[in-house]
Amino acid sequence: QVQLVESGGGLVQAGGSLRLSCTASGRISSMYDMGWFRQAPGKEREFVAVIGRNGDSSHYAGSVEGRFTISRDNAKSTVYLQMNSLKVEDTAVYYCAAQFGGIYHYASAYDYWGQGTQVTVSS
């Protein structure tokens, strides 16, 4: 069992930056591949980024490529999402998720989820 807690969300103006954190606790959290997803009001949850358990492989959604960076510090059991050049359309609840199967972009592959953190980007 893995427990995930996100933090770092907030209100920021377009063009600004935020860094989200996701701290994992529980059974061997460093062995999990970790992803970030987001869900805007009235929309389905969508993939944002994923990082492998060793931190040597990462993938991004096209809409955030070049602006967002996912990283992890296994010693701290924490995954980060650095978000730069934020746009109004990045407004959503951001969730981190964990699974033990590889690099996946779809939400159904993930076994554990955090409660989410709100990111609001104003124009």
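A few comments on the model shown:
- The modelled label-to-label distance between residue 61 and residue 85, using points 7 Å beyond Cα along the C-beta direction, is 1.7 nm.
- At q = 0.21, 0.22, 0.23 Å⁻¹, base-10 log of I(q)/I(0) for the chain (Debye sum, equal scatterers on each alpha carbon): -1.17, -1.28, -1.40
- Within the accessible area of segment 60-116 (1.4 Å probe), percent carbon and sulfur: 49
- Taken over segment 1-62, the ratio of Cα radius of gyration to 2.2 N^0.38 Å equals 1.28.
- Accessible area in square angstrom per residue, the chain, 1.4 angstrom probe: 49
- Solvent-accessible area of residue 76, all protein chains in place: 130 Å² (probe radius 1.4 Å, heavy atoms, ligands and nucleic acids excluded).
- Each Cα pair under 8 Å and six or more residues apart adds its sequence gap; the mean of these over the residue count of segment 16-64 is a relative contact order of 27 percent.
The values are calculated or read from the model by the stated rules, or taken from the named source; none is laboratory data. Computed from a prediction, not measured in an experiment: that's the story for all the values here. All Cβ positions, even for glycine, are placed from backbone atoms using ideal geometry, and neighbour counts span all protein chains on display. Note: accessible area is taken over every heavy atom of the protein model, side chains too, but ligands, DNA and RNA are not part of it. Shrake-Rupley method; radii C 1.70, N 1.55, O 1.52, S 1.80 Å.
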